[in-house]
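Right, one structure below, let's go through it.
The values are calculated or read from the model by the stated rules, or taken from the named source; none is laboratory data. Please read these numbers as outputs of a predicted model, since none were measured by experiment. Please note: Cβ atoms are built from the backbone with ideal geometry, for glycine as well, and neighbour counts cover all protein chains shown. Quick note on the areas: whole protein, heavy atoms, side chains included, nothing else; ligands and nucleic acids left out. Shrake-Rupley method; radii C 1.70, N 1.55, O 1.52, S 1.80 Å.
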Amino acid sequence: MEFLEKLVVVQSADNLSFLIYILITSFILLIPYAGLVNAASLLSYIFNKLGNKKNNELYLRFSRDLITIAAYKKGFMFTLGIVPLLSIGFSYTQLFHQIDSPVITYLFLSIILFIAGIFLLFLYKYSFRLDNLLKETGVKESSNSSEVNSFIKRNFNLINKTALWGIILFYVSTFILMGCIEFSITTIFYHSNVGFFSTLFSVPSLTKYLSFLTLAVSILSITVLFYFNRIIDITDVVSNEYKSFVNKFALTIGIISVIVLPVFIIANILVIPYFALTGTSYSITAIILLLLFLVTHYFYAMIKESNLKYITHVFSLVIIVSVLFVINDQASFGTSSKKQILVLSQEYDKMMVAIKEKSGTAPAINGQEIFEGRCSACHRFDRKLVGPAYKDVLPKYEGKQGELVSFIMNPVKMNPNFPPMPNQSLKQKEAEAIADYIMKTYKTK
């Protein structure tokens, strides 16, 4: 995306490293939220279909509550969804500067689909609320007006369409996002395009996406339990039958997800590219597996004892697992991006030197320092070394210092008794500083 390249600001090494931390923070906010919306919206759609088909009010109520959780507030959508995604997009734009890769294009496609999907899910939520309001007021059952009936029918169709398309767009968005994460690790290491679609449907990308979806179900299950047993009790009166149904369902999908998730976590670590692997990756994976074992134990205890006293423990552990899940991925990206950060930081250093030279604030070039660092290995003022003594060759450059500067910058073989002087790749001002120093010094030696 060429217009994004125009927004790139050349960064120092410290700022580029800071971008990695911005990526980690953004993904820590985004992944749990996106996972929750993914799982809750799909289950809401399924229970809505089942509720209408079987005329089951429990299913319909649960469907409405699930989409309420998924599209909780617009502030959550911006803070936990759109803002982190944009931060990731612009951080990638900076880090992938000078790399010919479509990762930025597909990442911003993911952002557009994400925004469109979440908009449709909010529309689904409000349409569902309107449908419920019509039921509660009795309009749906008693109205004889064709106009009202037409409105009710259109609203019902809107519920189904917005739910379906919102879910499709959101799932495609997160699938592309997971592919971009995997693609970025390989691309930034090799500095070339390795094929986005081959990466998107590769084993590592699919494994990562399945890990994300399974984690999403875990997050949803504990969020539902927390919502219905720690929050909704204060603000709403929920029938025991409905509450029992919700708790049983959430506990069931919760324990299944935390049993399956370690399989994908282990598979994910096994397919990480060798150049992105570090000891940190194995350590974090081990911690995640340990925490998931504890979560499984708590889920089992709550099911067996029919007591939800461990909800807070499980909620905290699942959030920690999701944070570690992100850190593990971004640790791999950080390892792969070291070479790119070095390249970009060198570009920054060159730019700063050029700015200082242009403004006249560049540090003075010291001819003696350059001589001692470059020339003294082969030359002495008063005796032969690898090259001739300066006292023997410099007299011919008296009054011709420009010729000496030209020779220093583009040396040619002059004396058959000595090897040719290698080109030191010096800049004009550096060559002038050396010439000035040795011309002033050789007479005193």
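Give me the extension gain from residue 55 to residue 378: residue separation times 0.36 nm, minus the current Cα-Cα distance, reported in nm with one decimal. Write out the running numbers ahead of the final one.
Working: separation 323, 0.36 × 323 = 116.28 nm, distance 9.37 nm.
Gain in length upon complete extension: 106.9 nm.
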Open item on the list: Taking 8 Å as the Cα distance limit and 6 or more residues as the minimum spacing, I'd like the relative contact order of segment 284-426 as a percentage.
Closed with: 11 percent
Task: Entries of 391/413; 74/248; 384/440; 54/243 with Cα pairs more than 24 Å apart - done: 74/248
Task: Residue among 271, 405, 343 with the largest mean-square fluctuation in a Gaussian network model of the chain, springs linking Cα atoms under 10 Å - done: 405
Task: Efficiency of FRET from Cβ geometry, residue 369 and residue 342, R₀ 25 Å, rounded to 0.05 - done: 0.50
Open item on the list: Could you derive backbone 3J(HN,Hα) for segment 23-31 from the dihedral phi with the Karplus parameters 6.51, -1.76 and 1.60 (θ = phi - 60°), listing whole Hz in sequence and x where the residue is Gly or Pro?
Closed with: 4, 4, 4, 5, 5, 4, 6, 6, 4
Open item on the list: In the chain, if the dipole is taken from +1 on Lys/Arg beta carbons and -1 on Asp/Glu beta carbons about the Cα centre, which of 321, 215, 441 is farthest to the positive end?
Closed with: 441
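Test of understanding: express the Cα radius of gyration of the chain as a ratio to 2.2 N^0.38 Å, with N the residue count. Don't jump to the answer; show the numbers that get you there.
Working: Rg = 32.9 Å, N = 445, 2.2 N^0.38 = 22.3 Å.
Scaled against compact globular proteins, the figure is 1.47.
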- [ ] Would you mind checking the tilt of helix 57-70 against the longest principal axis of the Cα atoms of the chain, expressed as 0 to 90 degrees and rounded to 10?
- [x] 20 degrees
Open item on the list: If you fit an axis through the alpha-carbon atoms of helix 279-305 and take the longest principal axis of the Cα set of the chain, what angle between them do you get, 0 to 90°, nearest 10?
Closed with: 10 degrees
- [ ] Take the Cα of residue 242, step 7 Å along the line toward its Cβ, and report every residue of segment 26-55 whose backbone nitrogen sits under 16 Å from that point.
- [x] 44, 47-48, 51-52, 55
Open item on the list: If I fit a long axis through the Cα atoms of helix 103-137 and take the longest principal axis of the Cα atoms of the chain, what angle between them do I get, 0 to 90°, rounded to 10?
Closed with: 20 degrees
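For the chain, give the magnitude of the charge dipole about the Cα centre (Cβ charges: +1 Lys/Arg, -1 Asp/Glu; no others), in debye to the nearest 20.
Its charge dipole is roughly 100 debye.
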TODO: Could you work out which residue, out of 308, 277, 394, moves most in a Gaussian network model of the chain, that is, has the largest mean-square fluctuation with Cα springs under 10 Å?
DONE: 394
Task: Backbone HN-Hα couplings from phi across segment 337-351 [Karplus 6.51/-1.76/1.60, Hz, Gly and Pro as x] - done: 8, 4, 5, 5, 4, 5, 4, 5, 5, 5, 4, 5, 4, 5, 5
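Given Cα pairs under 8 Å that are at least 6 residues apart, what percent is the relative contact order of segment 368-445?
31 percent
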- [ ] Order the following by accessible area, largest value first: 439, 351, 409. Probe radius 1.4 Å; ligands, DNA and RNA are ignored.
- [x] 351, 409, 439
Open item on the list: What's the magnitude of the charge dipole for segment 1-105 around its Cα centre, counting Lys and Arg as +1 and Asp and Glu as -1 at the beta-carbon? Answer in Debye, nearest 20.
Closed with: 780 debye
Task: Accessible area per residue, Å², segment 328-430 with all protein chains present, probe 1.4 Å - done: 63 Å²
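What FRET efficiency would be calculated for the residue pair residue 309, residue 76, taking the C-beta separation as r and a Förster radius of 22 Å, to the nearest 0.05?
On the way: r = 28 Å, r/R0 = 1.25.
That gives a FRET efficiency of 0.20.
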Task: When the convex hull of its Cα atoms is projected in every direction, mean area for segment 69-189 (nm²) - done: 8.7 nm²
Open item on the list: Once you keep just the Cα pairs under 8 angstrom separated by 6 or more residues, what percentage relative contact order results for the chain?
Closed with: 17 percent
Open item on the list: Only Cα pairs within less than 10 Å get springs; with that Gaussian network setup on the chain, which residue of 269, 168, 231 has the largest fluctuation?
Closed with: 231
